[in-house]
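So the structure is just underneath, and the comments pick up after that.
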Amino acid sequence: MFSSMLRNLRYSARSFTRRPGLALALLFTTALGIASIVSVRGFVDGLTKPLFPLGSLNRLVSVFGRDPQREAGPLSKQQYLYARSRHDVFQWVGAARVSPGTITMDGQTAFASVAAVTPNLAGVFGLPLDEGVVIGHRMWQREFGASVDVLGEEIRINSATARVTGIAPDWLEGIYRDRPVDVWMPLPEEKLQRLDDSSRNLWVVARLDRDISPSQAKVVVQPGDRVSELRVLLYTGLTPERAARLSRIGTLLDFAAGGVFFIACVNVGLFLLGRASARFHETAVRVAFGASRSQLVRELLSDSVVISVAGGALGMLLAVWTSYLVPAFLYSQDAERLVFPPALFGIAEATLVFVGIMILCGLLPVMVIPLDRPMSVIQQDSTGASPAIRRLRLGLVMAQMASCCVLVISTAFLVDGLRTAVVTSAGQRLGHTVFATAQANPVVAIEYFQRAAEAAKLIRGVSGVGWAGTLPGGQPMWQSFRIEPGQLPLREVTLDTDWITSDSLKLFDLPPKSGHMFGAAERTCRAAIVNKEAAEELFGRQTTGRTLRDPETPQPVEIIGVVAMREPEKVAKKNRPTIYFDYTSHQEPPPRRFTDVRFRVAIASELASADFETNVVSPGYFDAVEGKLVAGQGFGGRTESTGCRIGIVNQEAADLYFGGNAVGAAVIDEQGRRTNVIGVVHAGPLGAFQRRVEPTLYLPMSQDVLTSMNMIVYVREVNGPLLADLRRRIEEVPGHGPSPVLVRTFETYLNQTSLAPLRIATILLGVSATMALLLSVLGLFGALSDAAHQRRCELGIRIALGAPRWRLISQVLGEGVRLACAGMLAGMLMSFALSRWMRGITPGSGSPPLWVWLAAPLALAGVVTLASALPARGALMTNPLTIMHDT
């Protein structure tokens, strides 16, 4: 049996070498089909599945809470504590509190995303946070040049100082990949307990108990009325919103790769079916002489095995090659996202699976193996293939055309969606926008950015310049604030007033219990510090950042810190509620202490918490995003000269958190810094790439300047010399940092950030559609050639009787057109059914334009023309004498 199979394999290999055209077509078809599905499958896995080298990953789950603004988001402290108490569901529950913060190292200050992580979660990710902090891999490369000298250095995060004990691995961008983290620090239990109960800023990851599945945990973990509904999902390294969108992209790419593989399988079946039809006379004679069906099946199986294995080997090489080739055609940032995680072993494993499928498809010609008596077989040989076989061939070709049509329309749909997504509401003015990312020396940051803006304005063709910390469509920075409404009823309190001098600092237990001492780099209107007794009298734990009204002075007093007296002082005398003013910079003795001074404070002691997107901008930024001031004042002039921290909120934040009246209100961050809201802007979605506008707080660049900012430059025309000139002028400004200036067009920037997955999917789907067209050319050519070959006797007789040859050509072309039209009609119906689902992939897309539906007919018209040319030429060259001699 084994020797007989080897003999059949050798015979099949020799027979294919005698027909090199057929062999090459089969190899090309099989290799493309296998390479496409293996490569795309690898990309989809890299896009939608976690690449974390973590043990027992299938037991890790994410616990999300319902949020008024985001469908699923972080938990509040109360929700986290509830989940942690469910020992019947989770083995352990960990949390990470991600918020923007200011980090200072070696005299340089930067704005970064900081994650405070509980010990159990830090252990899962392998972060050594016991004795310090860990720098994110991207920040280590970007800010520190990938230098190992950073280890052991001192770093200041907001008001805390620590040592750098490690560098995060490159695969750990953040708790979730779409929310990157720059610095990891520990979150001890005592600090966790002090978090605001109403603030939702804890990203929670847990490990399920052995007997609990994610679906069971989702049902069991329902807190009821005490806290909002929780969602338990398998941990994928993606937030639910982004995972849902990427899942749609992955499903579409899987469908595209499956379509190419299906077309390849049909081609293999059609080619081998045509080969079996060509050998029908030989098969009929062998059946007449007693050949068994099993023997013929084994020979057909050997043909399928030879071509599938050879094509599979070539396809595996193409799949490996594709993992290096495709990223080369993308932006460098996109190439980082294009990951093929199966590697060589995974590619080989997938190749074996699809080779097996190819072998089964190659057995399709079993249907033409004759089973009748020898005389019936010889009579059938004279008439060619049966009508059932011809209908099968036509059905396969139409299915192939339909699949090709769906892929072409899907590609056109994504291309149109990508084109629509980069069109902004600002029209041509913002469409000709250039972004320049520059880094400044922290000592002269604000002066550098102002001089860089002036230098950019001198370039011919530049009509406007603005700055922003985060660009539209970029990764937002979320921050939690306490909200103080503008009009609150007041009450009177009685406090002692005193002065803090350089000598009196030793009386206090430092650092302060909350907030900070005088001298920190803060912008405040009129600052003061209170002791613990005064804090209890005023606002309790939420005292830092609140204000008092002094009857003698119209300007409010902002409380920047709460302090406690040292133990000896507490024993010596009982502390009275006291407010302290700064006198450290004076040489003369301070004024005397006053007792029982009356102040007025807001009655509300507990303030609600809310999450805002935060952005640092210049006044010109609002022109870039079509922002219109609807209430209050803008940045610049008198509002920034008072020394008070100020900010502007958008209309969404004003309506959601301030009842539509935000001017005069204030927000207080987690460090106790107060920001007064001076205005409200209305800025709708800039383009389809922004799914919705989130509540946003804008801070002026002159107040909270970052070391790295993004310049928004308006130009009349974008060209290479202008981009080069802009980069050169910015880098020549004194005070430029070590990093080179990055200059990009608006479209390029979007394609590298929010639209990167859609752009990559469009490229891969376009490649799949192109391969489908090539394979369809081969399939239709094979079907038409086989049909023309089977009708050679009829064609010869008609030519001998004087039929015009152009009529024969039109018949061959007409058959191809009919097949293409039938497949195109089925494909367009399928595409119409899929169009609603595909709108969830392309942001802001509506009904597809007419050219999307015309793309498939035009593409298939080209396929039919190419595939029908040679069979039509063969029909034209038919010689009746040759036909009579052959028969």
(request) Take each of the peptides 259-270, 705-716, average the number of other beta-carbon atoms within 10 Å over its residues, and list them starting from the highest. (result) 259-270, 705-716
(request) Name the residues whose placed amide hydrogens come within less than 5 Å of the amide hydrogen of ALA527, ignoring near sequence neighbours (fewer than 5 apart) on the same chain. (result) GLU558
(message) Using a 7 Å offset from the Cα along the Cα-to-Cβ direction at both GLU732 and LEU24, what is the distance between the two label points in nm, to one decimal?
(response) 5.7 nm
(message) Give me, ordered by chain and number, the residues 5 or more places off ALA608 or on other chains with an amide H under 5 Å from its own placed amide H.
(response) ILE483
(message) Starting from the 7 Å offset along Cα-to-Cβ, what nm value, one decimal, do you get for the label separation of ILE603 and ARG163?
(response) 5.3 nm
(message) Between LEU6 and ALA313, what's the calculated FRET efficiency when r is the beta-carbon distance and R0 is 22 Å? Round to 0.05.
(response) 0.75
(message) Just to be sure I understand the model, the point goes 7 Å from the Cα along the line to the Cβ. What's the resulting ALA833 to LEU360 distance in nm?
(response) 2.2 nm
(message) Set the bar at 30 Å for Cα to Cα. Now go through LYS457/LYS628; LYS77/LYS532; LYS77/LYS506 and name every pair that lies beyond it.
(response) LYS77/LYS506
(request) May I ask you to compute the full-extension gain from GLU717 to SER585, defined as 0.36 nm times their residue separation minus their alpha-carbon distance, rounded to one decimal in nm? (result) 42.1 nm
(message) Quick one: 3J(HN,Hα) in Hz for the stretch 308-320, Karplus 6.51/-1.76/1.60 with θ = phi - 60°, rounded, Gly and Pro as x.
(response) 6, 5, 5, x, x, 4, 5, x, 5, 5, 5, 5, 5
(request) Show the residues, 5+ positions off or on another chain, whose built amide H is closer than 5 Å to the amide H of LYS513. (result) VAL562, VAL563, ALA564
(request) Please turn the phi angles of the stretch 89-103 into ³J(HN,Hα) values with the Karplus equation 6.51 cos²θ - 1.76 cosθ + 1.60 (θ = phi - 60°), one per residue in order, whole Hz, x for glycine and proline. (result) 10, 10, 6, 7, 10, x, 9, 10, 9, 9, 8, x, x, 9, 10
(request) May I ask you to compute the full-extension gain from THR748 to HIS87, defined as 0.36 nm times their residue separation minus their alpha-carbon distance, rounded to one decimal in nm? (result) 233.1 nm
(message) Please compute the length gained on full extension between ARG138 and VAL493, using 0.36 nm multiplied by the number of residues separating them and subtracting their Cα-Cα distance.
(response) 122.7 nm
(request) Quick one: what are the phi-derived ³J(HN,Hα) couplings along the stretch 708-724, Karplus 6.51/-1.76/1.60 with θ = phi - 60°, whole Hz, x for glycine and proline? (result) 10, 10, 10, 8, 9, 10, 8, 10, 6, 8, 9, 8, x, x, 5, 5, 5
(request) Apply 1/(1 + (r/R0)^6) to the Cβ-Cβ distance of ASP596 and ARG194, taking R0 = 45 Å, and write down the FRET efficiency to the nearest 0.05. (result) 0.90
(request) Report the FRET efficiency, 1/(1 + (r/R0)^6), for GLN78 and ARG156, where r is their Cβ-Cβ distance and R0 is 30 Å, rounded to 0.05. (result) 0.45
(request) Order the following by accessible area, largest value first: ASP211, ASP182, ASP88, ASP254. Probe radius 1.4 Å; ligands, DNA and RNA are ignored. (result) ASP211, ASP88, ASP254, ASP182
(message) At a 10 angstrom cut-off on C-beta neighbours, averaged per residue, how do the peptides 130-143, 159-172 rank from highest to lowest?
(response) 130-143, 159-172
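The values are calculated or read from the model by the stated rules, or taken from the named source; none is laboratory data. Since the structure is predicted, the reported quantities are computational estimates derived from the model, not experimental observations. Every residue, glycine among them, receives a Cβ derived from its backbone with ideal geometry; neighbour counts consider all protein chains shown. Just so you know, the surface numbers come from the protein's heavy atoms only, side chains and all, with ligands and any DNA or RNA stripped out. Shrake-Rupley method; radii C 1.70, N 1.55, O 1.52, S 1.80 Å.
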